[in-house]
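The values are calculated or read from the model by the stated rules, or taken from the named source; none is laboratory data. Being a predicted model, the structure only gives us computed values, none of them experimental. Note that each Cβ is placed from the backbone with ideal geometry, even for glycine, and that neighbours are counted across all protein chains shown. Accessible surface is based on the protein model in full, side chains and every heavy atom, while ligands, DNA and RNA are left aside. Shrake-Rupley method; radii C 1.70, N 1.55, O 1.52, S 1.80 Å.
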Amino acid sequence: MENTAIVLKKLRESRNLTIVQLAELAGIGKGTVGDIETGKNKSTIKTLEKISKALKLTEEERVELFSSFVPKDIGVKILKNPMYKNLDSKGKKQFNDIVEQSALIFNDETISEEDKEKVLMAIQSVFFQAKEKNKRKK
């Protein structure tokens, strides 16, 4: 699996954009794009969403970018999950925030990919269960 820096640079260059141009299109700082591409900053899901829209990524490219951010193929599972696709913008923001915060526990290299996937999938499951429970309360 390629890391986020490599994937982003490849996608940006495939559209013949400079870092400055992409930053302007995405509404983020050029330093942010540069830091992601050099690996100084891993990014956030929110920033990757902005970049994804600015680059007008295909679904396949979007999956590639998000899969580089979260361990293994979890990004694919999240993006293809119909419950995620049906979330409104507030729900997606809440979900993305939880995944980003949860990803911090993966800085320890001793955690296996399988365990990382289990943790993120459990978090995803609990999030959607809570959403459903809250819907029923209304």
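In the complete set of protein chains, residue-level accessible area for K131 is approximately 60 Å², probe 1.4 angstrom. Ranked from largest to smallest solvent-accessible area, with a 1.4 Å probe on the protein heavy atoms, M83, M121 come out as M83, M121.
The residues packed around S14, meaning those with a beta-carbon under 12 Å from its beta-carbon, carry a net charge of +2 if Lys and Arg are +1 and Asp and Glu are -1.
Once you've got the Cα coordinates, tell me which of K56/K135; K40/K135; K9/K93; K50/K116 are over 29 Å apart. Checking Cα-Cα distances, K56/K135; K40/K135 exceed 29 Å. Local charge for S43 was computed over the other residues whose Cβ lies under 12 Å away, with Lys and Arg +1 and Asp and Glu -1, and equals 0.
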